[in-house]
Amino acid sequence: DTYSDKVQRDSKYKKLDEKDLLFFRDILKDGNYMISNEQDLEFYNEDWMRKYKGQSQLVLKPKTTEQVSEIMKYCNAQKLAVVPQGGNTGLVGGSIPVFDEIILSLSNMNKIRSFDSVSGILKCDAGVILENADNFLAENGYIFPLDLGAKGSCHVGGVCATNAGGLRLLRYGSLHGTVLGLEAVLPDGTIYSSIDALRKDNTGYDFKQLLIGSEGTLGVITGVSILCPSRPTSTNVAFLAVSSYETVQKVFVGARKELSEILSAFEFMDGKSQLLTGRYLKADHPIESGDYPFYVLIETSGSNRDHDMEKLETFLANAMEEGLVDDGIIAQDEAQSQSLWSWRESIPEASAHDGGVYKYDVSIPLKDLYGLVEAAETKLNEANLVDIDSNDKPVVGAIGYGHLGDGNLHLNVCVREYNKNIEKTLEPFVYEWIQEKQGSISAEHGLGFQKKNYIGYSKSDVEIKLIKDIKNHYDPNGILNPYKYV
Ligand code: FAD
Ligand code: S2G
Ligand code: ZN
């Protein structure tokens, strides 16, 4: 049981009763928008990693912003706790209830509202699945300025709520820059909207910025307006084998210098992550010449295939000449590009494949970044927990990969089962290590439930107080996503 040693249910929150169900049925007009039978609740009560499990008795699936407003007004008055839920792909336990909070799923609010093919401004419901939004944009020659491995399930509203980073932040920047406006329902039912905002609007505090990354604790995002770039017409992918982390950094410096404006992704992976991914994909590794300690995936995106390919080939030749790269391949077609990406994007599934995974999504100054993986591995070995090949050790191994271009490491400790001994070996050790390096304990996945008590390792008391003041101002009854965040 994940929670009992960490938090108790707060008695200030009302328990659901028949009167509440009648009220919600009346608002939603049709029972299809409510789920209360045990079996169907299962999906909504468990997180993607199967690490956290709530006991919500009710999922509400409104179709309009007005219905969300009615629901929030009622829950606020009745002190019923609510967890907003998007695609439920979050990785810090933020998207599922801790106890019996009502789940408010945005999955029925999934319409594209408008698209301006001159400015590239897309307005859509929060519950539009990221991949569907990007497919819609592709038909119009545009691209969603964010991509991540969960694109087939996560929502546009969900990525805003967590301020997701993903695979192309290096190129397209953060959602704090690309989101033009939001529509959201505040805890008291107030409907806030800046959905019609334009690219430049310097008229007062920018409230939407507070909602971006608020992880469902300040408001329920119901609509998003985002500025989308033209879709690159030529994309190239290279997969390189590198002999040390120091050299990975040199390859990164070279890529930025020589590929410059067409560089759209720079991902690194250690050899162990590729070993696990190979087992998971049941496939031979694209670099056939041997097992290397590190790999790098580089993507370029531009508008002139020959020009881009020539730049990439020159860069690769130079890097091999200088001994920075031991081996490497450049995808010759879209299928091979996808296949190379799958050796990076499948790592999360491969990590959890042997049972479960302790994830640490962190920002660390580049020179120290991989040191955390080595430190974790040492810590686990000292506790005699690790053996990547035998079956008698609970920890399969500590792997490291991530968005090097953003200074964002994903340390995944892959385990055969979740247990307190492993957790106590890793926490707060990992967070203390990061604090020492002036890093962030959460680069892109957010705080959720997993990191609620660790924010002090990355934020000052002043900052934490300001965050709490904002939360208490907009949600004085604390009904939105309680027990999490700060
Ligand atoms: P959920 O998981 O449903 O919710 C996440 C949080 O946001 C919760 O706190 C929830 O309460 C809140 N929330 C959701 N929707 C709303 C809303 N409409 N209004 C208010 N609050 C809301 N994340 C990255 O940043 N970068 C990556 O590269 C990345 N890769 C991933 C790869 C895989 C395979 C998986 C499974 C996850 C990955 N993630 C990554 C994590 C996850 O996909 C992101 O956090 C994503 O933004 C979650 O979106 P969601 O719609 O699934 O939200
Ligand atoms: C990624 C996804 C989840 C993980 O792959 O970039 O953000 O495994 C991660 O940490
Ligand atoms: Zn990531």
Does residue 104 count as under 30 Å from residue 11 (Cα atoms), assigned to a loop (DSSP other than H, G, I, E, B) and either at pLDDT 95 or above or within 11 Å of ligand 1 (Cβ to nearest atom) (or both)? no
All but one of (1) surrounded by 16 or more Cβ atoms within 10 Å (Cβ to Cβ); (2) touching a Leu at 6+ places or on another chain (Cβ under 8 Å); (3) in a loop (DSSP other than H, G, I, E, B) hold for residue 24; state the number of the condition that does not hold. (3)
Report every pair of residues separated by at least 6 positions or lying on different chains whose Cβ atoms are under 8 Å apart, first residue within region 19-45 and at negative phi and modelled with pLDDT of 90 or more, second open to solvent by less than 70 Å² (accessible area, probe 1.4 Å) and of a type in the set (Phe, Trp, Tyr). 20/74; 23/74; 24/74; 27/74
Any residue in region 257-264 that is in a strand (DSSP E or B), modelled with pLDDT of 95 or more and crowded, with 18+ Cβ neighbours inside 10 Å? yes
Quick one: would you say residue 42 is of a type in the set (D, E, K, R), under 27 Å from residue 159 (Cα atoms), surrounded by 15 or more Cβ atoms within 10 Å (Cβ to Cβ) and within 26 Å of the chain's Cα centre (by Cα)? no
Only unsatisfied item for residue 347, checking (1) hydrophobic (A, V, I, L, M, F, W, C); (2) open to solvent by 40 Å² or more (accessible area, probe 1.4 Å); (3) within 15 Å of ligand 1 (Cβ to nearest atom), is (2)
Which of the following residues is more than 13 Å from ligand 2 (Cβ to nearest atom) and at pLDDT below 95: 396, 357? 396
Taking region 275-301 and keeping residues away from ligand 3 (no atom under 16 Å from the Cβ), touching a residue at least 60 places away in the same chain (Cβ under 8 Å) and either touching a strand residue (DSSP E or B) at 6+ places or on another chain (Cβ under 6 Å) or open to solvent by 30 Å² or more (accessible area, probe 1.4 Å) (or both) leaves 275, 279, 280, 281, 298, 300, 301
Answer yes or no: is there a residue in region 374-396 that is within 16 Å of ligand 3 (Cβ to nearest atom) and open to solvent by less than 40 Å² (accessible area, probe 1.4 Å). no
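Yes/no matrix, rows are residues, columns are (1) more than 24 Å from residue 398 (Cβ to Cβ); (2) in a helix (DSSP H, G or I); (3) open to solvent by 20 Å² or more (accessible area, probe 1.4 Å):
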| site | (1), (2), (3) |
| --- | --- |
| 317 | yes, yes, yes |
| 324 | yes, no, yes |
| 329 | yes, no, yes |
| 343 | no, yes, no |
| 351 | no, yes, no |
| 357 | no, no, no |
| 361 | no, no, no |
In region 112-133, residues that are surrounded by fewer than 24 Cβ atoms within 10 Å (Cβ to Cβ) and more than 22 Å from residue 186 (Cβ to Cβ) total 12
Within region 148-161, identify whether any single residue is surrounded by fewer than 22 Cβ atoms within 10 Å (Cβ to Cβ), within 13 Å of ligand 1 (Cβ to nearest atom) and free of Cβ contacts under 8 Å to residues at least 40 places away in the same chain, and answer yes or no. yes
So residue 240, is it open to solvent by less than 10 Å² (accessible area, probe 1.4 Å), closer than 23 Å to residue 397 by Cβ and among the aliphatic types (A, V, I, L, M): yes
Out of (1) under 30 Å from residue 390 (Cβ atoms); (2) at pLDDT 95 or above; (3) buried (at least 22 other Cβ atoms within 10 Å of the Cβ); (4) away from ligand 2 (no atom under 13 Å from the Cβ), what's the single condition that is false for residue 413? (4)
Would you call residue 170 open to solvent by 10 Å² or more (accessible area, probe 1.4 Å), within 16 Å of ligand 3 (Cβ to nearest atom) and more than 25 Å from residue 96 (Cβ to Cβ)? yes
Residue among 479, 434 that is open to solvent by less than 80 Å² (accessible area, probe 1.4 Å), within 16 Å of ligand 1 (Cβ to nearest atom) and at pLDDT 95 or above: 479
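The values are calculated or read from the model by the stated rules, or taken from the named source; none is laboratory data. Please read all numbers here as calculations on a predicted model, not as lab measurements. When we count neighbours, we look across all protein chains shown, and the Cβ atoms used for this are built from the backbone with ideal geometry, even at glycine. All accessible areas refer to the heavy atoms of the entire protein, side chains included, with ligands and DNA or RNA removed. Shrake-Rupley method; radii C 1.70, N 1.55, O 1.52, S 1.80 Å.
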